[in-house]
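Written out below as structure tokens is the structure these notes cover.
The values are calculated or read from the model by the stated rules, or taken from the named source; none is laboratory data. Source: prediction; values computed, not measured. Don't worry about glycine lacking a Cβ; one is built from the backbone with ideal geometry, like all the others, and counts go over all protein chains shown. Protein only, heavy atoms only, side chains kept; ligands, DNA and RNA dropped before computing areas. Shrake-Rupley method; radii C 1.70, N 1.55, O 1.52, S 1.80 Å.
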Amino acid sequence: MMLLLGASSSCTGSSSRVMITSIWVFYILFSSILVGVGSSFSIFPPPAQSRAVPQRHYYSEGVPFSLHAEIQNNEQQQQEEEEGLEFETNDNNTTAPVSWASSWFPLAFVESTDQKRPTKHYLLGAPIVVWLFGNEWYAMLDKCPHRLAPLSEGRIVPSTGDIECPYHGFTFDGTSGNCTRVPQQQQEEQQQATPPTTSSLPGIKTRGCATALPCRVQQGIIWVHSAPLYGTNTETTAAAAMMEEEDLRRYRIEALEQKGVLHVDYFRDLPMEWSTLAENVLDPAHLPFTHHKTISSRDKAKPVPLVVRTPWNNDRGFQADRNTDPPGSVEFRAPHLIVAETARNGSFTDWNVVHAIPTLPGRCRLLVRVVFEVAAMKPPMKWIFSLAFRQPAFLLHLGNHKILEDDNIFLHAQGHNYRMLVQQNKTFRDGTYLPTTADAVVIAFHRWLKKYESQHSNWSPHTPPGSFLDRDVVLTQSELLDRKHTHTQACSSCSSAKKWLERLDPVLGVGTILCTIRAFGVGTTNSIIRWRFGILACILYSIKIKLCGMRNNMDDGIWPPPRNK
């Protein structure tokens, strides 16, 4: 394009600006071509050839399943325990029980979170506000104790880092939750305050403090501890603090700390139970069919023998081997983390790290981190992956949207069908048929759910009552394909890119009009220059259409999925 414009000495002013804009836009257009490369990053390991393994039976027909605490199981538990997975139980676990009410949960990726203002998230039914001040992240129940207004609509006080309520200006310390300012409080009210308070501001009782949550950043993810949501104050003793930090370290991914490893992060809020998402991630056998034409193909479908190699009845989760070629493994770290590993025939290893986070009844948040040992790859694959991983995040997210929406619609429907089993007083075994060893991990997961449902289905007291009714609503196709409210608005990379695309649109439109005018001979009679401006007008218009489609794809998904085309 520089050669086209450089031929005319009269191409200055507006045409120069068109040239600069065009160069910048061509970079985006070229990068968008790589979205197809980004789409190759799967939440699951690619399907692999099965290899011969000793014939073993880990179940008969299935296992009982209960999705929520209200599910009542009237079958004989002893019979269910005797059939199924063949290994020793481990009821002598000496570690502290893992439960929703006392666990670390990831909320968001640091790089995807707005670092200039408070942001709102949901966890275990409770609204959580998160903000950054200096180098520290803070988290708090998103309710001002004064009149219960959402603190996420407020601001961060520049001088202190406290969060200020948008309603009456009360401010709260991010670490303790103490109220630090009440603009309407008179001096006499401070002096007459009784009884003594624990707040840093005289005259404010303990119930005038906000609910702060312990907040940490680990491997680029913002984590919070759930105990305060259930009215449990986290202890400040050295032993308790050490135990908390040890629990958080359980979720570290050692592969991320290796040299030559690159990763891609993606998140999305999904209209399904966390357990439905977890079950899907634990099941590699669905890839060739669900993700046909995106990251796999139906003709690659093979048996996928799975062997659960640790006791499923450990409240901290279990591990399983995938006896395929190349081999792999999957690990469930209760209550939300799944790590799938695949060793590529001695060449390189990749990991798919997935967090299934319960946000509201019938809804969850997916955090996925796709990790590749790029340094161990051979050229040209090494160069391709290195380039692909360094794309702008919003381009990679567009590719990940496409993969996720392969599953999204039918998993939402599957969740409703599971709840119908509950209404019909049927167990998971009564309502499903599991004939192959490819279902072994899913069976282990449902057994685990059954045993520990009382610890992992107890929504916090801050859960909106109406949300239990909302989970039974069947969403429309357009709602299931919504990207704007489930990702783009909450993603700093995608929302920023969308704003730039919206600003570029009129610039490209004006550039197209100006070049078209020149192409029709206004201001010049040189036919060569007119042809060049005509070609440039076509290029700018094509880029405008391409970027407009990209912008629309940030808001809405595409149907039907590639497998059905």
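Worth a mention:
- Summary of packing: across the peptides 518-527, 341-350, the per-residue average of other C-beta atoms within 10 Å ranks them, highest first, as 341-350, 518-527.
- C-alpha center-to-center spacing [segment 491-505, segment 327-349] in angstrom: 35
- Cross-link pairs exceeding 29 Å in C-alpha to C-alpha distance, out of Lys143/Lys451; Lys300/Lys378; Lys382/Lys565; Lys300/Lys484; Lys120/Lys546; Lys120/Lys402, comprise Lys143/Lys451; Lys382/Lys565; Lys300/Lys484; Lys120/Lys546.
- Heavy-atom surface of segment 340-416, accessible at 1.4 Å and reported per residue (Å²): 33
- Whole-percent carbon and sulfur share, accessible surface of segment 310-366, 1.4 Å: 42
- Residues whose amide H falls under 5 Å from that of Ser103, counting only those 5 or more places apart or on a different chain, are Ser226, Ala227, with hydrogens built in the peptide plane.
- Ranked by how many other beta carbons lie within 10 Å on average, peptides 162-169, 121-128 from highest: 121-128, 162-169
- Accessible area (Å², per residue) of segment 438-520, counting only protein heavy atoms and a probe of 1.4 Å: 46
- Accessible-area composition of segment 378-527, carbon plus sulfur, in percent [1.4 Å probe]: 61
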